[in-house]
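Novice: Got a structure for you, written out below as structure tokens; questions coming shortly.
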Amino acid sequence: MSLESIRYKRGNLEILDQLLLPLQTRYVKVQGVEDGWKVINKMQVRGAPAIAIVGCLSLAIELERDNCSDKKIMRQEIEGKLNYLVSARPTAVNIKLAAEELINLANVLSADENVSPNEFKERFINSIESMLAKDIDDNKAIGSYGCEAILKNLEGDGQVRILTHCNTGSLATAGYGTALGVIRSLHASKKLEHVYCTETRPYNQGARLTAYELVHEKIPATLIVDSMVSALMHLRKISAVVVGADRVAANGDTANKIGTYQIAIVAKYHGVPFYVAAPLTSIDMSLTSGDKIKIEERPDREMTHIGEHRIAAPGISCWNPSFDVTPASLITGIITEKGVFPPEKLSEYILT
Ligand code: MRU
């Protein structure tokens, strides 16, 4: 059985509390937008696609209970609530793009005199619900395009050894995963020899979540700490790095979990292809380059403590950016559900 980060049936939404993984499996009920904002902000659910889906579903839950019969008021409330959800975490663009699309839909439905308030509600909720299946389909397509690209460029013994960073699997999406979807697809092709996943300090998405998914899927894998990446590439032949994305700018610069940038530099030095796997919903064509991406800074406590246990010297100050930006020049290809694009040609491919 594959892991389920989001459990949804009309009127009922639960998310797997990722703060408790891997030691406890507990689902948390999301009863509306306020809960949606909190579970995203506290990172009980995380990963760019999962953030967007849970945020929008939390609105669907609230609308399902709402008996408002004034479409203008519904439209206004929807816009306000979506903007509020977008504010829960600033870097991943998926929720912002989803909110813009849903606000457009609300405008159209509200303006159409042939649409009753009930039909407005039904069509709006249906549109949110369709995000779940679409995300899984997109991830499967990303998986197979990524697998194909990596196998095509494979040198040496024909066996694939992949390095990944952070968590991009079923837990970060509606299912299957993006970069971890590529790994799943390579595993299914029987060409995958081994996966290395970084611990991903300070939040440890790699050690807690990716390692958990890899063990669950019985994919041969080894955990390394973040500072071992250069040694790994020097001593063990890595075929490719595959990571996810929180926001890709129009020029291909990519914001992803802190530490991604240094892995890309090390990969370039060692001649290892570096791929970003991301759905089109992670691409922000409104930003010309990565330096315009807002980087979330998280509380010091995520660095100074592990659980309740303090590991850093009391009194030390901390800097805790949650993401960094990898320049397009370090990226071999961006793997999307429409194919693998060279980063510098992204706008050409996306706009055509
Ligand atoms: O802070 P997080 O855990 O939400 O960060 C997650 C990442 O950086 C992922 O690589 C990215 O969101 C892609 S998830 C498919």
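The values are calculated or read from the model by the stated rules, or taken from the named source; none is laboratory data. Since the model is a prediction, treat every value here as computed from it, not as a measurement. No Cβ is skipped: glycine too gets one built from the backbone with ideal geometry, and neighbour counts run over all protein chains shown.
Novice: Taking segment 20-51 only, how many residues are surrounded by fewer than 19 Cβ atoms within 10 Å (Cβ to Cβ) and of a type in the set (D, E)?
Specialist: Result for segment 20-51: 1.
Novice: Take the residues in segment 26-52 that are among the aliphatic types (A, V, I, L, M) and within 11 Å of the ligand (Cβ to nearest atom), then tell me which one is nearest to S127 (Cα to Cα).
Specialist: A52
Novice: Then there is this: Within segment 307-349, can you find the residues that are among the aliphatic types (A, V, I, L, M) and in contact (Cβ under 8 Å) with a residue 60 or more places away in the chain?
Specialist: Correct list: V325, A328, L330, I331, I334, I335, V340, L346.
Novice: Restricting segment 212-253 to residues that are exposed (fewer than 14 other Cβ atoms within 10 Å of the Cβ) and hydrophobic (A, V, I, L, M, F, W, C), which is nearest to Y269 (Cα to Cα)?
Specialist: Per the stated criteria, the residue is A231.
Novice: Okay, moving on. For segment 86-109, give me each residue that is more than 16 Å from the ligand (Cβ to nearest atom) and either crowded, with 19+ Cβ neighbours inside 10 Å or of a type in the set (K, R) (or both).
Specialist: Kept after step one, since they are more than 16 Å from the ligand (Cβ to nearest atom), are these residues of segment 86-109: 99-109.
Passing the criteria: A99, L102, A106, L109.
Novice: So, G47, is that one more than 25 Å from E199 (Cα to Cα), small (G, A, S) and modelled with pLDDT of 95 or more or not?
Specialist: no
Novice: Would you check which residues across segment 254-266 are polar (S, T, N, Q) and buried (at least 24 other Cβ atoms within 10 Å of the Cβ) and list them?
Specialist: T254, N256, T260 - these are the residues of segment 254-266 that are polar (S, T, N, Q) and buried (at least 24 other Cβ atoms within 10 Å of the Cβ).
Novice: Here's something else I'd like to know. Could you look through segment 267-285, keep only residues that are of a type in the set (A, V, I, L, M) and surrounded by fewer than 19 Cβ atoms within 10 Å (Cβ to Cβ), and pick out the one that is nearest to the ligand (Cβ to nearest atom)?
Specialist: If we filter segment 267-285 for residues that are of a type in the set (A, V, I, L, M), which is where we start, we get 267, 272, 276-278, 280, 283, 285.
Now restrict to residues that are surrounded by fewer than 19 Cβ atoms within 10 Å (Cβ to Cβ): 280, 285.
Numbers: L280: 13, M285: 18 Å.
Ranking the qualifying residues of segment 267-285, first place goes to L280.
Novice: Report whether or not L154 is among the hydrophobic types (A, V, I, L, M, F, W, C), in contact with a strand residue (DSSP E or B) (Cβ under 7 Å, 6 or more places away or on another chain) and surrounded by fewer than 16 Cβ atoms within 10 Å (Cβ to Cβ).
Specialist: yes
Novice: Is there a residue being within 16 Å of the ligand (Cβ to nearest atom) and either crowded, with 17+ Cβ neighbours inside 10 Å or not assigned by TED's automatic domain parsing to the domain that holds P299 (or both) anywhere in segment 116-128?
Specialist: No, because not a single residue in segment 116-128 is within 16 Å of the ligand (Cβ to nearest atom) and either crowded, with 17+ Cβ neighbours inside 10 Å or not assigned by TED's automatic domain parsing to the domain that holds P299 (or both).
Novice: Hey, another quick one. Pairs under 9 Å by beta carbon, first residue in the same structural domain as L97 (by TED's automatic domain parsing) in segment 38-62, partner basic (K, R) and within 12 Å of the ligand (Cβ to nearest atom), six or more apart or different chains?
Specialist: Every condition considered, the pairs that remain are I40/R46; I40/R89; N41/R89; M43/R89; M43/R298; R46/R89; A48/R247; I51/R89.
Novice: Please work out if A264 is of a type in the set (G, A, S), closer than 24 Å to T336 by Cβ, within 16 Å of the ligand (Cβ to nearest atom) and assigned to a helix (DSSP H, G or I).
Specialist: yes
Novice: Return yes or no: is R236 modelled with pLDDT under 95 and among the basic types (K, R)? Step through it out loud before you land on a result.
Specialist: Numbers: modelled with pLDDT under 95: yes; among the basic types (K, R): yes.
Taking the combined requirement at face value, the residue satisfies it.
Novice: Do we have any residue at all in segment 178-189 that's within 25 Å of K218 (Cα to Cα), surrounded by fewer than 17 Cβ atoms within 10 Å (Cβ to Cβ) and in contact with a strand residue (DSSP E or B) (Cβ under 8 Å, 6 or more places away or on another chain)?
Specialist: Checked segment 178-189: no residue is within 25 Å of K218 (Cα to Cα), surrounded by fewer than 17 Cβ atoms within 10 Å (Cβ to Cβ) and in contact with a strand residue (DSSP E or B) (Cβ under 8 Å, 6 or more places away or on another chain).
Novice: Give all pairs with beta carbons closer than 6 Å in which a residue from segment 7-31 that is within 21 Å of I136 (Cα to Cα) meets a residue that is outside any loop (DSSP other than H, G, I, E, B) and of a type in the set (K, R); count only pairs at least 6 apart in sequence or on separate chains.
Specialist: Short answer, once both residue conditions are applied: E14/R7; E14/K29.
Novice: Kindly indicate the residue of segment 295-311 that is more than 16 Å from the chain's Cα centre (by Cα) and assigned to a loop (DSSP other than H, G, I, E, B) and also surrounded by the fewest Cβ atoms within 10 Å (Cβ to Cβ) among those meeting that condition.
Specialist: Residue satisfying both the conditions and the ranking: E308.
Novice: With respect to T281, is the statement that it is in contact (Cβ under 8 Å) with a residue 12 or more places away in the chain and either out of contact with any helix residue (DSSP H, G or I) (no Cβ under 6 Å at 6 or more places or on another chain) or in a strand (DSSP E or B) (or both) true?
Specialist: no
Novice: Of all strands (runs of 3 or more DSSP E) completely enclosed by segment 162-256, which ones contain at least 3 residues that are within 13 Å of the ligand (Cβ to nearest atom) and assigned by TED's automatic domain parsing to the domain that holds D291?
Specialist: So the answer is 240-243.
Novice: Which condition does G339 not pass, out of (1) over 19 Å from the mean Cα position of the chain (by Cα); (2) surrounded by 13 or more Cβ atoms within 10 Å (Cβ to Cβ), if it passes all the others?
Specialist: Answer for G339: the failing condition is (1).
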